[in-house]
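Student: Sharing a structure here in structure tokens format.
Since every read-out is calculated from the coordinates, none of them should be taken as a lab result. From a predicted model like this one, the values you see are computed outputs, not experimental measurements. Note that we place each Cβ from the backbone using ideal geometry, even for glycine, and neighbour counts take in every protein chain shown.
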Amino acid sequence: MKEKLDITLHSDYLPELCLAKLAEQIDLDQFTLFSFSGYKGDKPILGRIAGNEFRLHKRRYWHNSFGPVLFGRVLPDSKGTTIEAYWDIWKWPRVFMRVWLGFAVAVGIPIFLASARDAIRERSLVSNNNWLGLAVPVILVLFGVLFPRIGAALSFHERKHVIKLLEGAIMAGPKPLPEMNRNWKTSVDSWWG
């Protein structure tokens, strides 16, 4: 779990009003078959609000499981509301990539070592296709490491749109605080959105 808060904002509104204003500005991220983006509505930012927590992400007309999602919560403070939030990806791609890398390492290491042993004994990578046993495990691990990074890089511009909407909807400004660690786990991070 990522422990650092990426965004801390302050609003003069009460928490309930902040969440109501935010709900007016977003479409519910509910899947539908009859939409180019796959979600109901036409607002540029999608999200969900549950209790004092929320998640926000940009509407995409292409699929990217590794695109950024802002998970946050609103807390009352003495002068209004504090908004704490962090960036992450959906739960399903996080779990899938962990399983992928675990499989790639668990299966790849024995294959890689056996192929390396055979290549050293025969002093050739070409015979018996030893090069496949050396290359494929490395490629599987590289895929598991690089694929999420490529997906995130393709969506790097989406964060500014989400932050702009969040700040504008609740009339919030940055809250000058020292770097804070997150001590809560969100309840709106679901498997499928």
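Student: Mean Kyte-Doolittle hydropathy of 0.5 or higher plus an axial Cα length of 24 Å or more: which whole DSSP H helices in the chain meet both? List each step's numbers first, then the result.
Tutor: Details: long enough: 91-122 (45 Å, 0.68); 130-154 (35 Å, 1.85).
Passing helices, by number: 91-122, 130-154.
Student: When the chain is fully extended, how far beyond the present Cα-Cα distance does LYS160 get from LYS185, taking 0.36 nm per residue of separation?
Tutor: Numbers: separation 25, 0.36 × 25 = 9.00 nm, distance 2.35 nm.
Additional length available on full extension: 6.7 nm.
Student: Then there's this: Quick check on my link table: of LYS58/LYS79; LYS4/LYS79; LYS58/LYS91, which ones sit more than 22 Å apart, alpha carbon to alpha carbon? The partial results should precede the final answer.
Tutor: On the way: LYS58/LYS79 30 Å; LYS4/LYS79 24 Å; LYS58/LYS91 17 Å.
The answer is LYS58/LYS79; LYS4/LYS79.
Student: Take the chain, connect every pair of alpha-carbon atoms lying under 10 Å apart with a spring to form a Gaussian network, then pick out the residue of PHE143, PHE71, PHE34 with the largest mean-square fluctuation.
Tutor: With Cα springs under 10 Å in the chain, the top fluctuation among PHE143, PHE71, PHE34 is at PHE34.
Student: Work out the FRET efficiency for GLU167 and LYS91 from their Cβ-Cβ distance, taking R0 = 35 Å, and round it to the nearest 0.05.
Tutor: Calculated value: 0.85.
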